[in-house]
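A.B. asks: There's a structure below that I have some questions on.
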Amino acid sequence: MNEHPEEHQDRPQQEAHGNQAHDGGGAPEAAGGSIDAASVWDERYRTKARLWSGKPNPQLVREAGGLRPGKALELGCGEGADAIWLAQQGWSVTAVDVSAVALERAHSHELAELARESVQASNGGIGSRISWQLADLTQWQPEASYDLVTSQFLHSQELDWRVPLRTAAGAVKPGGTLLVVGHHPDRLPPWGPAHHHAGMFYTGDQLVQELGLDRRDSNGRPEWQLEVLTSRERPVTGPEGQEAVIADVVLRATRLA
C-alpha cells in the first residue's frame, strides 16, 4: 500500500473481521530522518506468510456490488483481495501499494485465482484487468480518472490519511464513485495496540470536510452527491478469541461535476 495504504484491506487472519489498522511501530528512518514507510510495511508483511484473510472487505462488496463495472483505482491494495474481487466483477483495476512484498503476493494470489478458475488473461480474465503499481501515496498521482476509486482501512502512523484520500477524490471522473471505508475512532477493538493515535482514524463528517465533498461550484451547485455516509457496527474476534463490536465508517459519494 502506499505510505502504507495497506492498512485497510484484506482482514488479518488472526483477527477475523477485526481491526485492520496497522500501527507501524518501530519504523525505520530514511535518509534525512523521515519514516521509510516502504521498509516498515515490507517488514510487516515478511513476518507472516499471509497477513490478511484473502477475502474482499465486506463494505466494498456491499457498496460496489451493484455498480456498473468500468475503470477502478484502489489505494492501498495490500495482498490484493479487493482488487481481485473487483476484477472478477468486470472492473479494470489499477491497484497501488507502498509495499513491494505485498504486491508480489497480490500478483501471486491473482495467478492462483486464474489457475483455480481456469481463466486465461487473453480471454478477458482477471489477469488482464489488474495493473499492480508500487508507489508512495504521499507523492503518487494518478495519470487518469476513474469510474470507481476505493480506499479500505487506510490507517497508518506513517501516513496522513488526508493526503491519499484527497488524491482519491480528485481521481474520480464526473458520474464516478468514491468509496472510503475506515475504522471509527471511537469504536476500535479493545485489544488493539495502545499506541494507536486518534489521527490515524476519521469520522464520516471529517471525511466530508477534508475531502471537500460539501463544496459547491461557482453557480452554487453541489460538486458531489453523498449516497452513503454512515457508521456500521460489526462483530469481531480478537487474536485470543476475544469478542467485541466495532464500527466501520462508510462513505460513498458520486461526483456530479
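A.B. asks: Using a 1.4 angstrom probe and counting only protein chains, how large is the accessible area of residue 130 in Å², to 10?
C.D. replies: 20
A.B. asks: Could I ask something else about it? Please give the contour-minus-distance gain from residue 68 to residue 209: 0.36 nm per residue of separation, less the Cα-Cα distance, rounded to one decimal in nm. Present the calculation step by step, with values, prior to reporting the outcome.
C.D. replies: Numbers: separation 141, 0.36 × 141 = 50.76 nm, distance 2.75 nm.
This chain segment gains 48.0 nm when fully extended.
A.B. asks: Describe numerically, in nm with one decimal, the distance between label points set 7 Å from Cα along Cα→Cβ at residue 92 and at residue 240.
C.D. replies: 5.1
A.B. asks: Run the Debye formula on the Cα coordinates of the stretch 53-107, all scatterers equal and no solvent, and tell me log10 I(q)/I(0) at q = 0.13, 0.17, 0.19 1/Å.
C.D. replies: Reported log10 I(q)/I(0), two decimals: -0.28, -0.48, -0.60.
A.B. asks: Next question. At R0 = 51 Å, how high is the FRET efficiency between residue 115 and residue 162 if r is their beta carbon distance? Nearest 0.05 is fine.
C.D. replies: Numbers: r = 40 Å, r/R0 = 0.78.
Efficiency for this residue pair is about 0.80.
A.B. asks: If I take R0 = 35 Å and measure r between the Cβ atoms of residue 254 and residue 47 in this structure, what FRET efficiency does the formula 1/(1 + (r/R0)^6) give, to the nearest 0.05? Don't skip to the answer; put the middle values down first.
C.D. replies: Values: r = 39 Å, r/R0 = 1.12.
So the FRET efficiency works out to roughly 0.35.
A.B. asks: In Å², what does the accessible area per residue of the stretch 135-210 work out to with a 1.4 Å probe? Each step should come with its number before you reach the end.
C.D. replies: Working: 2980 Å² over 76 residues.
Per-residue value: 39 Å².
A.B. asks: Would you list 240, 117 from the most to the least accessible area, probe 1.4 Å? Please report the intermediate quantities before stating the final value.
C.D. replies: Numbers: 240 155, 117 70 Å².
So the residues, ranked largest to smallest area, are 240, 117.
A.B. asks: Still on this structure: For residue 216 and residue 128, what does the FRET efficiency come to when R0 = 41 Å and r is the distance between their Cβ atoms, rounded to the nearest 0.05? Let's see the in-between values first.
C.D. replies: Working: r = 40 Å, r/R0 = 0.98.
Efficiency computed from Cβ-Cβ geometry: 0.55.
The values are calculated or read from the model by the stated rules, or taken from the named source; none is laboratory data. Keep in mind it's a predicted model, so treat the numbers as computed, not measured. Glycine also receives a Cβ, built like all others from the backbone with ideal geometry; neighbour counts cover every protein chain displayed. For the accessible areas, the whole protein counts, side chains as well, though only heavy atoms, and no ligand, DNA or RNA atoms are used. Shrake-Rupley method; radii C 1.70, N 1.55, O 1.52, S 1.80 Å.
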